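The values are calculated or read from the model by the stated rules, or taken from the named source; none is laboratory data. Given the structure is predicted, the values throughout are model-derived calculations rather than measurements. Neighbour counts run over all protein chains shown; Cβ positions are idealised from the backbone, glycine included. Surface areas here come from the heavy atoms of the whole protein model, side chains and all, with no ligands, DNA or RNA. Shrake-Rupley method; radii C 1.70, N 1.55, O 1.52, S 1.80 Å.
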Amino acid sequence: MELVGIKHQNFHITEILFGVLVLGFLNLRTVQCGSDKNLQGIEYSALSCRKHTASLVDFGGVPDGKTSNTKAFKAAIDKLSTLAGDGGAQLVVPPGKWLTGSFNLTSHFTLFIQQGATLLASQDESGWPLLPALPSYGDKSSPGRYSSLIYGTNLTDVIITGNNGTIDGQGKPWWEKYKKGEFKNTRPCLIEIVYSDHVQISNVTLIDSPAWNVHPVYSSNILIQGVTILAPIDSENTDGINPDSCTNTRIEDCFVVSADDCVAVKSGIDQFGIKFGMPTQQLIIRRLACISPRSAAIALGSEMSGGVKDVRAEDIVAINTESGVRIKTAIGRGGYVKDIFVRRMTLKTMKYVFWMAGDYKSHPSPGFDPHALPKIENINYNDITAENVTLSASLEGIQQDPFAGICISNAEIGLSEKAKKLQWDCSDVAGVTSRVTPKACTLLPEKEQPMDCPFPDDKLPIEDIPLQKCTI
Ligand SMILES: *[C@@H]1O[C@H](CO)[C@@H](O)[C@H](O)[C@H]1NC(C)=O
Ligand SMILES: *[C@@H]1O[C@H](CO)[C@@H](O)[C@H](O)[C@H]1NC(C)=O
Ligand SMILES: *[C@@H]1O[C@H](CO)[C@@H](O)[C@H](O)[C@H]1NC(C)=O
Ligand SMILES: *[C@@H]1O[C@H](CO)[C@@H](O)[C@H](O)[C@H]1NC(C)=O
Ligand SMILES: *[C@@H]1O[C@H](CO)[C@@H](O)[C@H](O)[C@H]1NC(C)=O
């Protein structure tokens, strides 16, 4: 105990000198030497560590679950943003219930949500500012969209982490109002990060989001690790993690229970997504556990008009989920889904193991191009085990635009008592299979020589990004 105290004392003396010289009046932990022993000594891993530390309490935060902390978050992050050029800052949210509306993050910044701390999202809609539509989604589908609870745009080096602290979206009123068709605007996500580079979201639990949980958009170099996402399976569009027009993303060790896709890979929609033209590419999804009775473990689309390529998914476990990896698209989407690699998927109680649909009909805005055909090619699955399955595969491409280069190997599918007679329902698709039970459709003939569908051996840049050991 003493040793730790002394170490921190020294640390704080240098920090105090710095604080007095440069920061003067700023009410930071760096100048409030050791006021809260709970904050000291917690270790965590991150893309970057921070020189300065503050607690939400220092900015008037009150953890009673009733007092709004929106102003405290704003005051804290406004002040800490001034340290971006000086080693950056971490804002600690200590144990307690912190009611808050939306707030904006800043660069070279870490939000650390301690175990026992819960951010409680305000249920007052006025606490969520409206933002204009994202350019790859157009501006006609709805007048605007609510800012996420935690929002960041045009940032570099931003981290949301903790030792399993919680963000509670308190989404029930949003789901109920949505079900009644009472929203003109798009409901908010819990975390949305736009036009940003070097983003980490790790070791936090997200519950009851009003809609999607984690939505990185137009961003790159993203690590999402150890995130638990829980929402009732009858809530509305509570997608887990939706990388959208992002490059070089690694999603791993996440557990998602939700009413919509556990991971949904997107890149804008129809004429807006085609014009914006920013794909999601270089994406790793591994060690994902998913429960989603109404949706997919991993969905590619249906918004894929900027393209989706080089996706590597492995070690996926899904239980009581509608489908495994699902591709959804439609005439008018344009774009592509290609170079998709999936291996080691374990599925239990599934409606569909393989599901591809070229007739996903929703077109939110008029004016989509009926000649814009999506290109679906080079889709690979290897080592798939499934139990208690209703339908092995529903693979429906588009006439004049067949889905090509589908490869499925070593798939062992156990059927449920209610299994359909026709197990492989295929049209307008082309490819091969090897060692698949039950036997695939004639459009996916069995290779004479047994083979494994490919999976890349090279590493994506996000796999080599070093993590540092940081302390609070
Ligand atoms: C998340 O927590 C796990 C388990 O405590 C730890 O091994 C891992 O390094 C943490 N990752 C990050 C990025 O914080
Ligand atoms: C966050 O920033 C956006 C501009 O990027 C702004 O429109 C919005 O009002 C800000 N949100 C809050 C809560 O201040
Ligand atoms: C954010 O970055 C995008 C793309 O570079 C740019 O178009 C936009 O104007 C920037 N927004 C702000 C608020 O700086
Ligand atoms: C984090 O908390 C959630 C919710 O309480 C729990 O389900 C999960 O197991 C916890 N994860 C870790 C790594 O402790
Ligand atoms: C098999 O799936 C059905 C739903 O299709 C479910 O009701 C049943 O409990 C599952 N059986 C097992 C053994 O998991």
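Assorted remarks:
- Ranking GLY226, VAL62, THR186 by Cα position along the charge dipole of the range 13-238, where only Lys, Arg, Asp and Glu carry charges on their C-beta atoms, puts THR186 farthest toward the positive end.
- Heavy-atom accessible surface of the range 141-182: percent carbon and sulfur, 1.4 Å: 45
- Looking at the range 13-238, the accessible area is 38 square angstrom per residue; that uses a 1.4 Å probe and ignores ligands, DNA and RNA.
- DSSP bridge orientation in the range 368-472 - percent antiparallel, rounded to nearest 5: 5
- This model, with +1 at the C-beta of Lys and Arg and -1 at the C-beta of Asp and Glu, gives the chain a dipole about its Cα centre of some 580 debye.
- Distance between the range 73-131 and the range 193-232 - C-alpha centres, whole angstrom: 15
- Rounded to the nearest 5, the antiparallel percentage of DSSP beta bridges internal to the chain is 5%.
- Close amide H pairs (under 5 Å, H built 1.01 Å from N) link ASN320 with LYS348, THR349, residues at least 5 positions away or on another chain.
- Its DSSP H runs of at least 4 residues, each contributing -39,500 (n - 2.57), put the calculated 222 nm mean residue ellipticity of the chain at -3000 deg cm²/dmol, to the nearest 500.
- When each of the peptides 43-55, 433-445 is scored by the mean number of other C-beta atoms lying within 10 Å of its residues, the order from highest to lowest reads 43-55, 433-445.
- For the range 213-225, putting each phi into the Karplus relation 6.51 cos²θ - 1.76 cosθ + 1.60 with θ = phi - 60° gives couplings of 8, 10, 10, x, 10, 6, 10, 9, 6, 10, 10, 10, 9 Hz, in residue order, rounded to whole numbers and with x for Gly and Pro.
- Amide hydrogen proximity for SER220: with H placed 1.01 Å from N in the peptide plane, the residues at 5 or more positions away or on another chain lying under 5 Å are SER196, ASP197, HIS198, THR247.
- Rel. contact order, % - alpha carbon contacts under 8 angstrom, at least six apart, the range 13-238: 15
- Per residue value of the accessible surface for the range 321-472 (all protein chains in place, 1.4 Å probe), Å²: 49
- Size descriptors for the range 13-238: radius of gyration and Dmax over Cα atoms are 17.5, 58 Å.
- This model, with +1 at the C-beta of Lys and Arg and -1 at the C-beta of Asp and Glu, gives the range 343-398 a dipole about its Cα centre of some 200 debye.
- From largest to smallest, the equivalent ellipsoid semi-axes obtained for the chain from the alpha-carbon gyration tensor read 43, 23, 20 Å.
- Beta bridges by DSSP in the range 13-238, antiparallel share as percent, to the nearest 5: 5
- Apportionment of accessible area to carbon and sulfur, the range 208-281, percent (1.4 Å): 55
- Of the peptides 415-428, 210-223, 339-352, the order by per-residue mean of other Cβ atoms within 10 Å, starting with the highest, comes out as 210-223, 339-352, 415-428.
- Based on C-alpha pairs under 8 angstrom that are at least 6 apart in sequence, the chain has a relative contact order of 10 percent.
- Couplings for the range 189-197, taken from phi via the Karplus curve 6.51 cos²θ - 1.76 cosθ + 1.60 with θ = phi - 60°, read 8, 7, 10, 10, 10, 10, 6, 10, 10 Hz in order; Gly and Pro are left as x.
- Span from the the range 433-472 Cα centroid across to the the range 285-337 one, whole angstrom: 14
- For the range 13-238, the Cβ-based charge dipole about the Cα centre amounts to some 280 debye (Lys, Arg positive; Asp, Glu negative; other atoms uncharged).
- Farthest toward positive dipole pole in the chain [+1 Lys/Arg, -1 Asp/Glu at C-beta], among LEU283, GLN123, VAL93: GLN123
- Over the range 246-351, relative contact order from alpha-carbon pairs under 8 Å, at least 6 apart, %: 29
- Phi-based couplings in Hz for the range 121-136 (Karplus 6.51, -1.76, 1.60; Gly and Pro marked x): 6, 4, 9, 8, 4, 5, x, 10, x, 8, 10, x, 4, 6, x, 7
- The orientation-averaged projected area of the convex hull spanned by the Cα atoms of the range 309-451 comes to 8.6 nm².
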